[in-house]
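Every number here is computed from the coordinates shown, using simple stated rules; none is lab data. Just so it is clear, the model here is predicted, and its values are computed rather than measured. Positions of Cβ are generated from backbone atoms using ideal geometry, with glycine treated the same way; all protein chains shown enter the neighbour counts.
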Amino acid sequence: MYFHEEDLPEGVLAPGPVAVDTETMGLVTPRDRLCLVQISDGGGDEHLVRFGPGSEYDAPNLCAVLADAARIKLFHFARFDLAAIQYYLGVEASPCYCTKIASKLVRTYTDRHGLKNLVDELLGQNISKAQQSSDWGGPVLSEAQRDYAASDVRYLHRLREELDRRLEREGRMDMAQACFDFLPTRARLDIAGWAEHDIFSHA
Ligand code: MN
């Protein structure tokens, strides 16, 4: 696990898909600043990029990776992370893949689509979510916070492999891909004021 301030160093990631997660001060994107971006190429290293209070979010190396059209960005609940990345870093992190959406399309036998549930059922590993609701804005991130933050990107490549197998099996890969393709727009709707309103509903 590697810790960086305000940007990713250049050239630390192998080519190909990257797993990405964010930690913020809360769930309201324009109010709750982006504190941390975690990123991994799936090779066993996790990089944590921390943004301090008053950050100008000037992170050219990180933004180049996130905006790279040749790299698929793997998220769990991409909708939230895409909005935070768009709002604070000013880039659209597409193309993207969302393990929560894939799970909802294939694991129709359960309503448990949290990352912990997926990692447990599909990979047989246990991750702790104890630090999920902690203060990510402090001057020092605790060992427990760093471990938690890194674990949120550690399993996404392997989850995607297993979820893709099941999407193929159930004939839902096309539908999943169409959902992923819409996610940047869904995130823009959230930022623009349609977060609570489902524009596809009749009401
Ligand atoms: Mn997280």
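Placing +1 on the Cβ of every Lys and Arg and -1 on the Cβ of every Asp and Glu, with no other charges, gives segment 1-84 a dipole of roughly 360 debye about its Cα centre. What shape does segment 4-118 have by the C-alpha gyration tensor, where a ≥ b ≥ c are the square roots of the eigenvalues, rounded means a/c under 1.5, and otherwise prolate means a/b greater than b/c and oblate the rest? Because a/c hits 1.5 or more and a/b fails to exceed b/c, segment 4-118 counts as oblate.
Judged by the mean number of other Cβ atoms found within 10 Å, the most tightly packed of the peptides 24-37, 168-181, 143-156 leads the ranking 143-156, 24-37, 168-181. Ignoring aspartates and glutamates fewer than eight residues from residue 129 along the same chain, the ones with Cα atoms less than 13 angstrom from its Cα are 23, 120, 147, 152.
Here the relative contact order of the chain, from alpha carbon pairs under 8 Å that lie six or more residues apart, stands at 24 percent. Think of each Lys and Arg Cβ as +1 and each Asp and Glu Cβ as -1; about the Cα centre, that makes the dipole of segment 110-184 roughly 100 debye.
How would you classify segment 45-203 from its alpha-carbon gyration tensor, with a ≥ b ≥ c the square roots of the eigenvalues: rounded for a/c under 1.5, else prolate if a/b is greater than b/c, otherwise oblate? Verdict is oblate for segment 45-203.
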